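Presented below is the structure to which this report refers.
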């Protein structure tokens with residue numbers, strides 16, 4: 001296998017070298033999802049999308065495996081975002097990734113900056129960039145800040161002069177442009193498409209909140225009903241707590257409503273439970289955790305009935321639609 005600088009690629013997973021690294025693994029997306037180590041990248045990728053769209057994307061540091069998973073999570077995230085076919089979601093995601101990369105670029109070595117510019121196709125002459133490439137990249141900037149408009153820039157022999165701060169900003173816009181480019185999703189597993197639909201429904205407009213009165217307990221999937229029963233009996237597992245909390249949060253319940261259900265637990269502590277729920281919801285942590293897929297729930301040993309679906313939220317929404 002070729003030698004890859006995984007630390008660099010984990011910071012800048014949009015680089016062509018990252019694509020080469022993923023190809024070097026010799027696995028399809030479906031195979032990667034079932035891999036005992038790399039399979040974690042699927043859940044990380046889904047969380048990466050949520051964090052980006054909610055303005056909570058943050059750099060992850062770690063060992064070699066963590067860096068590999070970070071690179072793969074970017075691949076998964078891009079696939080999910082592209083599968084939504086929602087231009088607004090795609091733009092918001094790309095903007096969040098580009099902003100994070102910009103934070104790294106500010107502190108980056110000049111040699112590395114040169115390599116990244118070359119990878120992005122930013123062929124510059126010193127501190128000058130050709131006006132055609134300049135115009136391609138500053139469209140959004142020019143709408144917000146008149147000083148970026150071509151008419152307000154000094155041009156000499158087709159080149160625009162920019163300072164160091166502006167150069168990094170243009171690199172950020174170039175990164176966003178690359179991440180916005182379409183990816184091939186023709187051979188994507190069906191589970192990815194279903195998760196993308198959930199993402200699309202969640203972020204297409206303002207996320208809807210529901211009250212306890214609006215929660216249809218009968219429409220909950222069998223596994224969630226069973227988890228609630230084990231909660232009331234005081235025999236719920238840690239994984240059961242996690243699945244139940246994230247499912248209720250993803251359905252749109254507020255923290256107090258989730259606590260109302262958790263209060264049925266014989267050993268209930270409001271202070272401890274509130275902290276845990278707010279941690280999972282992202283209020284007290286940098287990550288908003290999502291309800292696991294049915295495959296993951298089966299892995300936890302919590303599946304009680306074959307429902308022929310891929311995600312608990314899909315079961316709930318299908319039941320609600322049939323009722324209506």
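Rounded to the nearest 10 degrees, what's the angle between the helix 270-280 long axis and the longest principal axis of the chain, both from Cα atoms, 0 to 90?
Between the helix axis and the principal axis of the chain, the angle is about 40 degrees.
More than 20 Å apart: what percent of Cα pairs in segment 1-131 qualify?
Percentage above 20 Å: 48.
Out of (1) 129; (2) 138; (3) 163, which label holds the value of volume of the Cα convex hull per residue in Å³ that was computed here?
Among (1) 129; (2) 138; (3) 163, the one calculated here is (3).
Which of the peptides 58-67, 133-142, 158-167, 92-101 is most tightly packed, and how do the rest follow, judged by the mean count of other Cβ atoms within 10 Å per residue?
Highest mean packing first, the order is 92-101, 133-142, 158-167, 58-67.
Let me check against my output: what whole-number percent is the relative contact order of segment 211-323, with C-alpha pairs under 8 Å and at least 6 apart?
About 33 percent, as a whole number.
At a Förster distance of 25 Å, what's the computed FRET efficiency of residue 142 paired with residue 106, Cβ-Cβ distance as r, to 0.05? Intermediate values should be presented prior to the final figure.
On the way: r = 22 Å, r/R0 = 0.89.
The computed FRET efficiency comes out at 0.65.
Report the extension gain between residue 135 and residue 275 in nm, rounded to one decimal, defined as 0.36 nm multiplied by the number of residues separating them, less their alpha carbon distance. Mind showing how you got there, number by number?
Values: separation 140, 0.36 × 140 = 50.40 nm, distance 4.85 nm.
Residue separation times 0.36 nm, minus the Cα-Cα distance, leaves 45.6 nm.
Reported to two decimal places, what Rg/Rh ratio describes segment 65-187 when computed on Cα atoms with Rh from the Kirkwood expression?
1.00
Provide the gained length on full extension for the span residue 91 to residue 283, in nm with one decimal, where the gain is 0.36 nm per separating residue minus the Cα-Cα distance.
This chain segment gains 66.7 nm when fully extended.
Compare 75, 151, 185 in a GNM of the chain, Cα atoms joined below 10 Å, and give the one with the largest fluctuation.
The residue that fluctuates most here is 151.
Which shape class applies to segment 21-92: rounded if a/c is under 1.5, otherwise prolate when a/b exceeds b/c and oblate if not, where a ≥ b ≥ c are the square roots of the Cα gyration tensor eigenvalues?
The shape class here is oblate.
Quick one: 3, 318, 109, fewest Cβ neighbours within 10 Å first, how do they rank? Walk me through the numbers on the way to the answer.
Values: 3 5, 318 14, 109 8.
So the residues, fewest neighbours to most, are 3, 109, 318.
Hey, any idea what the orientation-averaged projected area of the convex hull of segment 233-274's Cα atoms comes to, in nm²? Kindly include the intermediate steps, with their values, before the conclusion.
Working: hull surface 10.9 nm².
For segment 233-274, the mean projected area of the Cα convex hull comes to 2.7 nm².
Hey, with R₀ at 25 Å, roughly what FRET efficiency would residue 31 and residue 181 work out to, going by the Cβ-Cβ distance, to 0.05?
0.50
Compute the separation of the alpha-carbon centres of segment 55-89 and segment 246-324 and state it in Å as a whole number.
Using only Cα atoms to place each centre, the spacing works out to 23 Å.
Compute the FRET efficiency between residue 156 and residue 58 as 1/(1 + (r/R0)^6), taking r as their Cβ-Cβ distance and R0 = 51 Å, and round to the nearest 0.05.
0.80
Return the equivalent ellipsoid semi-axes of segment 109-167 as a descending list in whole Å, where each equals the square root of 5 times an eigenvalue of the C-alpha gyration tensor.
Each semi-axis is the square root of five times an eigenvalue, giving 20, 13, 10 Å.
Under 8 Å for C-alpha pairs, at least 6 residues apart: give me the relative contact order for the chain, rounded to a whole percent.
17
Tell me the mean residue ellipticity at 222 nm calculated for the chain from its helices only (DSSP H runs of n ≥ 4, each -39500 (n - 2.57), averaged over every residue, nearest 500).
On the way: 17 runs with 193 residues, N = 324.
Taking each H run of at least 4 residues, the total per residue is -18000 deg cm²/dmol.
Label residue 3 and residue 260 with points 7 Å out from Cα along Cα→Cβ: what is the distance between them in nm?
Taking the two extended label points, one gets 6.2 nm.
Please check: in the Gaussian network model of the chain (C-alpha springs, under 10 Å), which one of 249, 313, 113 has the largest mean-square fluctuation.
In this elastic network of the chain, the residue with the biggest mean-square fluctuation among 249, 313, 113 is 113.
Going by a ≥ b ≥ c, the root eigenvalues of the Cα gyration tensor, does segment 211-323 fall in the rounded group (a/c under 1.5), the prolate group (a/b larger than b/c) or the oblate group?
Details: a/c = 1.42, a/b = 1.35, b/c = 1.06.
Rounded shape, in that the Cα axes give a/c under 1.5.
Within 10 Å of each residue's Cβ, count the other Cβ atoms and sort 23, 18 from fewest upward.
Exposure proxy ranking, most exposed first: 23, 18.
Working from Cα positions, state the angle (0 to 90°, nearest 10) between the long axis of helix 164-180 and the longest principal axis of the chain.
The angle comes out near 50 degrees.
How far is helix 222-233 tilted off the main Cα axis of the chain, in degrees rounded to 10, range 0 to 90?
Its long axis makes an angle of about 60 degrees.
Relative contact order for segment 109-167 using alpha-carbon pairs under 8 Å, separation at least 6, rounded to a whole percent? Present the calculation step by step, with values, prior to reporting the outcome.
Numbers: 39 pairs, mean separation 20.4, N = 59.
Once divided by the residue count of segment 109-167, the mean separation gives 35 percent.
Bear in mind that the values in this text are calculations on the coordinates, not laboratory data. All of these numbers come straight from a predicted model, not from anything done at the bench. Cβ: placed from backbone, ideal geometry, glycine included. Neighbour counts: every protein chain shown.
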